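First up is the structure itself, then whatever we jot down about it.
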Amino acid sequence: MLRARMGQLLLDAGCITAAQLDAALARQRDTRRPLGRILCEQRAISEDVLLKTLGQQYGLATVSSFPSAVDPHLSTWMPRAWAERHAAVPVSKVGQRLTVALTDPANVQALDEVRFRTGLRVVPVIALESDVRSRIQALYAAAESAGAGAPASTSSVGGGVDGGGGGDGDGWSAAGDEVRDGGAADHRAPGVDAALQSDEMTTLVERVSSSLRHARPDAVADALVEDASPVAELVRTMLRRAARMGVSDVHLEPHERVVRVRFRLDGKLHPVMTYSISLRNAVVSRLKILAHLDIAERRLPQDGRLALDLEDGRTLDVRMAVLPSLHGENVVLRLLNRAGQMVELPALGLDAADTGVLLAALERPHGMVLVTGPTGSGKTTTLYAALQVLNTKDVNIVTVEDPVEYHLTGITQVQVKEDIGLGFARILRAFLRQDPDILMVGEIRDLDTAQIAVRAALTGHRVLSTLHTHDAVRAVTRLLEMGVEPFMVASSVSVIVAQRLVRRVCPECRRPDGPFSNARLREAGFTEAEAAVVAPVRGQGCAACHGTGYRGRVGLFEVLPVSSEFRALILERETADRLKRQALADGLHTIRRRGLDAVMRGLTTIEEVVSVSVEDEARD
C-alpha cells in the first residue's frame with residue numbers, strides 16, 4: 001500500500017495552503033531536505049502538527065514527550081555516536097522487543113542495522129528531533145554516571161563482538177550482563193566494528209550511494225572499472241582495513257534490505273558494518289572485475305583471485321568465492337599474506353619433546369606424516385612449516401593442493417581442477433612418474449587417494465597429508481573406515497599430529513579472571529594440585545586487540561608417534577577408545593591437556609580450551 005504524500009495530507013487537513021506547499025516543494029527541490037522540516041522552518045506548521053502527520057503517513061505511534069525517568073542500561077543497545085548520527089534512541093525494552101524513537105521513519109536501513117546488531121524485534125516510534133536529541137543526552141549521561149555504558153555479552157543472533165554501549169565509538173553491545181562462575185560480570189571494550197564504522201567509511205558509503213543514484217547505467221559500468229571511482233575506493237578501503245587488522249576472511253552477506261559485512265578475526269566472525277542493498281551489485285561487480293570474473297553471471301557460483309596493494313608497499317593476495325543466495329550474491333574473501341603467514345616449524349607452538357618427535361619422522365627416508373583437525377585449525381600452515389624443513393637442494397618435492405595458497409620456491413605445486421577431471425588421485429599417479437622424494441597431499445578425501453598415498457609411503461617416499469578428524473587416534477580409524485587395509489596403515493604411518501587453534505589473550509589488557517570455584521577448575525580438567533595454584537587471565541579489551549580481549553592465536557597439538565604396541569592394535573582393528581588408551585599409555589599429551597597448560601601459562605582462557613577439545617577420557 002502506497003503511503004500518502006506529506007504535502008497532500010497537510011493540504012487535505014487544512015494545515016497549509018496550496019501556495020505554502022508550492023513554496024516548500026520548490027525549496028525541497030533545491031535542498032533535497034524533508035518537506036515536513038522545511039514547512040516547520042517556514043512556520044507553515046508546528047512541530048506537533050508535523051509529528052502527528054508523520055504518524056498518520058507511516059502508520060506508526062508517536063511520542064510527544066518522554067518519561068522523566070531514564071533507564072541507563074538501554075544505552076548498552078545502541079552506541080552514542082550511532083544514535084546521534086541517525087537521530088534515534090532506545091526508549092524501552094520488554095522481552096525481545098526494543099522500542100526505538102527516531103525522527104526519520106523512512107530511514108529503514110538504520111532500523112535494519114539495529115535488528116542485525118541486537119538480534120531483537122525493533123518497534124519504531126516517531127518523535128521530534130529536539131526531543132530525541134535531548135533524550136540521547138540524558139540517556140548516555142545517566143549511563144556514564146551509573147557505569148552502565150559498558151558493553152554486554154555477545155549476541156547469540158548477531159554473533160558479533162561486544163561493543164561500547166555508552167562510549168563515543170560505533171561499537172555495539174547485544175544483551176544483558178552475563179555472569180560467569182564466581183559472580184564476575186563480563187565487561188569488555190568496544191569491538192572490531194568500531195575500527196570500521198568510522199566517519200570515513202560512512203562518507204564513502206554515502207558517496208557511492210549518491211554516485212549510483214544519479215548516474216546513467218553506462219556511467220555506472222564505467223565507474224566500476226575506474227580505480228578512482230567511489231565504489232572502487234570503498235572496496236579498497238574495506239579490504240585494506242581488514243588486512244591492517246589481521247583479518248583472515250571478509251564476508252559480504254546480502255539480506256532483504258541491507259548487506260552485512262563481517263570480519264573473521266582470530267577465527268571468530270564479527271559484524272563490522274552494513275550498507276544498503278542498493279549498493280550490493282555495484283560492490284560485487286567491482287570485486288568481480290578485480291578478480292577477472294564474469295560480472296553478468298549472477299546465477300552460478302564463481303571463484304577467483306585478486307591482488308590488493310597495501311599502504312606499506314606489500315601486495316595482498318585475495319581469494320574470492322561468490323555464491324548466489326536468496327537476496328543476491330554472497331561473497332567471501334580470503335586474505336592471504338604470503339609474507340606474514342609462512343611460519344617456521346619452531347614457531348608453531350610445539351613443545352621441545354613434540355618438535356623432536358615430528359622432526360624425527362620428517363627425517364625418515366619413508367613413511368607418512370598425518371596432520372588432522374577441523375577446517376581452519378591450521379593444518380596447511382603446519383604442512384608448509386614441515387616442507388620448509390625438508391626443502392633442500394638434493395630432494396624433489398611435489399605437492400597437490402586445493403587450492404594452492406602460498407607459492408614455495410623450489411617445490412613443484414599442482415592445483416586440483418575437478419571440473420576437468422584433475423583430482424587428487426590422478427595428480428598423485430602422475431607424481432609417481434616424476435621421480436619424487438617427498439609428496440605433500442593437501443587432503444586425503446577418498447579411498448583412491450588414500451591407497452595411492454599409503455603405497456607411496458611404503459615404497460620409499462616421504463608423504464605428508466591431512467585428514468578431517470577430531471583427534472590423532474581417529475586418523476587411524478578414518479583410514480580403516482575408508483577401506484585401507486590395516487597392515488598398510490600400520491606399516492606406513494610414522495606420526496600423527498592433531499591440532500586446534502585458540503585465541504591468545506591480549507598481553508596489553510590481560511587481567512586476572514574469575515574467581516573460579518575449585519569444582520569448575522576440576523571439571524575443566526585441572527588436577528587438584530593445579531586447581532589450587534592456577535590463576536586464569538582474560539583480556540579486558542583495548543585498542544591493540546580491537547576490543548575483543550584476544551590478539552592472535554595459539555596452537556594446541558597432540559603428537560602421536562606410532563609405537564610397536566600401537567601398530568599391533570591397528571592390525572587387530574581395535575576401537576578408537578582402545579587405541580586412545582594405548583596412546584595415553586605411550587605418553588600422548590592430548591589437546592585438552594595442552595590447552596590447560598596454555599591456561600596455566602596465561603596464554604588463553606578456559607572457555608577457549610573447552611570450546612575446541614573434549615575431556616581426557618577413554619571409554620569402553
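The values are calculated or read from the model by the stated rules, or taken from the named source; none is laboratory data. All figures in this text were calculated on a predicted structure; none of them were measured in a lab. In this analysis, Cβ positions are derived from the backbone assuming ideal geometry, glycine residues included, and neighbour counts consider all displayed protein chains. Quick note on the areas: whole protein, heavy atoms, side chains included, nothing else; ligands and nucleic acids left out. Shrake-Rupley method; radii C 1.70, N 1.55, O 1.52, S 1.80 Å.
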Taking only protein heavy atoms into account and a 1.4 Å probe, give the accessible area per residue of the chain in Å².
46 Å²
Near the amide H of T469, under 5 Å away, which other amide H atoms are found, from residues 5 or more places off or on another chain, if H is placed in the peptide plane?
G373
Distance between modelled label sites at R43 and T527, nm, 7 Å Cα→Cβ extension:
8.6 nm
Between R433 and T575, what is 0.36 nm times their sequence separation minus the Cα-Cα distance? Round to one decimal in nm.
47.4 nm
Which of the lysines could a cross-linker span from K93 if the Cα-Cα distance has to be under 26 Å and same-chain partners fewer than 8 positions apart are dropped?
K52
Mean ellipticity per residue at 222 nm, deg cm²/dmol - from DSSP H runs of n ≥ 4 across the chain, formula -39500 (n - 2.57):
-11500 deg cm²/dmol
Output the relative contact order of the chain, whole-number percent, from Cα pairs under 8 angstrom with separation of 6+ residues.
9 percent
Mind putting together the pair-distance distribution for the range 488-600? All Cα pairs, 10 Å bins, whole percent per bin, short to long.
13, 31, 27, 18, 10, 1
In sequence order, calculated HN-Hα J values of the range 585-600 (Karplus, 6.51, -1.76, 1.60; Hz; x Gly/Pro):
5, 7, x, 5, 9, 6, 4, 4, 5, 5, x, 5, 4, 5, 5, 5
Acute angle (nearest 10 degrees) that the helix 379-390 long axis makes with the longest principal axis of the chain, alpha-carbon atoms
40 degrees
In whole Hz, the Karplus estimates of ³J(HN,Hα) for the range 601-614 (6.51, -1.76, 1.60; θ = phi - 60°; x where Gly or Pro) are 8, x, 8, 8, 10, 4, 4, 4, 5, 5, 6, 10, 9, 10
Taking θ as phi - 60°, what are the ³J(HN,Hα) couplings along the range 227-232 by the Karplus curve (6.51, -1.76, 1.60), each to the nearest whole Hz, with x for Gly and Pro?
5, 8, 6, x, 5, 5
At q = 0.20 Å⁻¹, what is the log10 ratio I(q)/I(0) for the range 1-137, with the Debye formula run over Cα points and no solvent?
-1.17
Report, in whole Å, the centroid distance computed from the Cα atoms of the range 335-399 and the range 6-59.
70 Å
Keeping the other protein chains in place, figure out the carbon and sulfur percent of the accessible area of the chain, with a 1.4 Å probe.
50 percent
Send over the semi-axes of the range 264-309's equivalent ellipsoid, whole angstrom and largest first, taken as the square roots of 5 times the C-alpha gyration tensor eigenvalues.
21, 16, 11
May I have the extent of the alpha carbons of the chain along their three principal axes, as whole Å values ordered from largest to smallest?
96, 63, 42
Quick one: which residues, 5+ away or cross-chain, put their amide H under 5 Å from the amide H of L269? H built at 1.01 Å from N.
none
Applying 1/(1 + (r/R0)^6) with R0 = 41 Å to the Cβ-Cβ distance of V395 and R207, what FRET efficiency is obtained, to the nearest 0.05?
0.15
Report, in degrees rounded to the nearest 10, the 0 to 90 angle that the Cα long axis of helix 473-482 makes with the longest principal axis of the chain.
80 degrees
Share of Cα-Cα pairs in the range 410-468 beyond 14 Å, in percent?
52 percent
Placed amide H near G328: partners under 5 Å, 5+ positions off or other chain:
none
Mind pulling the angle between the C-alpha long axis of helix 280-290 and the longest principal axis of the chain? Nearest 10 degrees, somewhere in 0 to 90.
40 degrees
Within the chain, which cysteines find no other Cys whose Cβ is under 4.7 angstrom from their own?
C15, C40
How high is the FRET efficiency between Q388 and D351 when r is their beta carbon distance and R₀ equals 30 Å, given to the nearest 0.05?
0.95
